[in-house]
Amino acid sequence: MRRLLVLIPLTGLVLFGLNAGFDFEHLFDRTQQAEGNSAFGPAAAHAIDFFGSDDDVEEASETNAHEALWRSDSGIPNAQPIGIPTSFADLAERVAPAVVSIQTTGTVAYGQGQGMPPGMPPGFEEFFGGNPWRQEGPPRERKSEGEGSGFVISSNGYLVTNNHVVENMDEIRVHFLDGSELKAEIVGRDPKTDIALLKVDPGDKSLATIALGDSEAIRPGDWVVAIGNPFGLEHTVTAGIVSAKHRRDVSPSQVQTYDDFIQTDAAINPGNSGGPLIDLAGRVVGINTMIRSNANTIGFSVPINQAKQILPQLRADGRVTRGWLGVQIQGIDEEMAEAFELDEARGALVAMVMPETPAAKGGIERGDVIIEFNGEKINKWKDLPLVVANTPVDTDAKVIVVREGKEKAFRIRIGRLDDANEVAAVAPQEEGADAFGLHAQDLTPAIADQLGLDKAEGVIITDIDPDGPAAEAGLRRGDLIVEIDRKSVKNAKDFAQKLGGSEKVLVLVKRGESTLWVPLKKAG
């Protein structure tokens, strides 16, 4: 499914979680010693041999209750060009059979106040100058078709794509290079990383697979190739370089994500979503996910090491289990570093500690600056959620903070994140919004600056009840509410007070570069 978006960071405060709770040793036969300590580095990439050979996959399925899910050896010599490669044809020819086109069909409701159809990427309206599906009159249902890309990681039919390609879709069909087509089922989805695991039944046929590489090993300037289904043009091959790594908070789809994107200038267009970004050895290093809507050479891919961490959980449980610390954090600038008696502007400033959470029980206090988590240095506040994401639930994590100019160490038993915890954390004081089917949090100065606002006033929508009045009116996660009934909204507390006791309100919403008035009625 296509995903185009305007890149607007949504929050300077985040309740963070982690991938955990999965016994890798019991799922896979082959393990090997990991090296390095990056959040998505070699330790994640090499702790298990996800790939092996296709023969290994078949042998594992016959001899073990759990089979290997993917292979890491592409069988293609790793080219190291001095200059520009003369051709990518041989590489593309070798990996193309494992790249697929995904066609989807879903049922969506249209009508006054309705948003985009399911699966359409955030930023679509801004990119195309409006919502062509918005219609007057009562909502009604109709079929909607979409398309995306994916790639096969096991010969018995497991495929990887983006979550937004298949989310809320009734039927998923996978088209292969040889012209064959198979129906796919969703094994598991993770909206926060935008990764989905699908399964087709190839029968007696052994599907061509593509190897998964090490996204931590690539560097800015390395050559990469993207293969996908842009605008329905199947198996389109484009090439470029890795422009940057560790691009974070570039997704406006939700406030709490685990973005750590690879940026590339290889052409990525609508329909490329879910397709592979490949190194010169023919190994997947990223999952092409989105583009910047006002530029044609800025694309983003989910690092494959991040996918490796969650694919086993998706296969086993259909979802990802994440740990919970129970704090909200923000960044540190030079002025704040001085105020908090720091030697330099680094770390994650704790803006709030939720009561009865692991952080509260472990001794973390508001105003603490977290500078290290389980041996990982926290240089930027955005680093912390990714590091925590690797910590298993119910294990003790060593957390080092700076408090009143002195370092203190704590041992904190990591909890388990669920939706109730997340919602309570982002908007603990705005009960009045519940009746309208939404939750919101304060707009921070950093977000206001990104949005081009003079003042940090208003609230960001962090959660929408899909069956509530806000969803019916077309509001979305990431929308900025700046006014209610022609009066400015200062913060979450003011927002709740303005909603309290009202049966209906007129809401002014800022979405991308546009603003729109939305009438909103209380449920019931």
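Quick note: the coordinates plus some simple rules give every number you see, no bench work behind them. Because the structure is predicted, anything quoted here is derived from the model rather than measured. Because the Cβ atoms are built from the backbone with ideal geometry, glycine has one as well, and the counts that use them run over all protein chains shown.
Its residues counted as N, the stretch 379-419 yields a C-alpha radius of gyration over 2.2 N^0.38 Å of 1.31.
Each residue of the stretch 97-104 was assigned a 3J(HN,Hα) from its phi angle through the Karplus expression (A = 6.51, B = -1.76, C = 1.60, θ = phi - 60°), giving x, 8, 9, 10, 9, 10, 10, 10 Hz with x at Gly and Pro. Peptide packing: for 142-151, 459-468, 274-283, the average count of neighbouring Cβ atoms within 10 Å per residue gives the ranking 274-283, 142-151, 459-468, highest mean first. The lysines whose alpha-carbon is closer than 25 Å to the alpha-carbon of residue 382, local same-chain residues fewer than 8 away aside, are 192, 245, 308, 361, 398, 406, 408, 455, 510. Per-residue extension of 0.36 nm, minus the Cα-Cα distance of residue 180 and residue 87, leaves a gain of 30.7 nm for this segment. Taking the inverse of the mean 1/r over every pair of distinct Cα atoms in the stretch 208-364 gives a Kirkwood hydrodynamic radius of 17.9 Å. At 0.692 mPa s and 37 °C, plugging the Kirkwood radius over alpha-carbon pairs of the stretch 322-419 into Stokes-Einstein gives what diffusion coefficient in µm²/s? Translational D for this selection: 249 µm²/s. Legend: ranking of residues 173, 366 from fewest to most surrounding C-beta atoms inside 10 Å; resulting order 366, 173.
Past the 21 angstrom mark, what percentage of all C-alpha to C-alpha distances in the stretch 151-216 do you count?
Considering the stretch 151-216, 24 percent of its Cα-Cα pairs are separated by more than 21 Å.
Residues whose amide H lies under 5 Å from that of residue 458, counting only those 5 or more places away or on a different chain, are 443, 490, 491; hydrogens are built 1.01 Å from N in the peptide plane.
Counting beta carbons within 10 Å around each of 289, 107, 391, 193 and listing the fewest first gives the order 107, 391, 193, 289. The phi-based Karplus calculation (6.51 cos²θ - 1.76 cosθ + 1.60; θ = phi - 60°) puts the 3J(HN,Hα) values of the stretch 474-481 at x, 6, 9, 4, x, 5, 9, 8 Hz, whole numbers, x for Gly and Pro. Over all directions, the projected convex hull of the C-alpha atoms in the stretch 298-351 averages 6.6 nm² in area. Taking a straight Cα-Cα cut-off under 25 Å and skipping sequence neighbours fewer than 8 places away in the same chain, the lysines within cross-link reach of residue 504 are 487, 490, 493, 521, 522.
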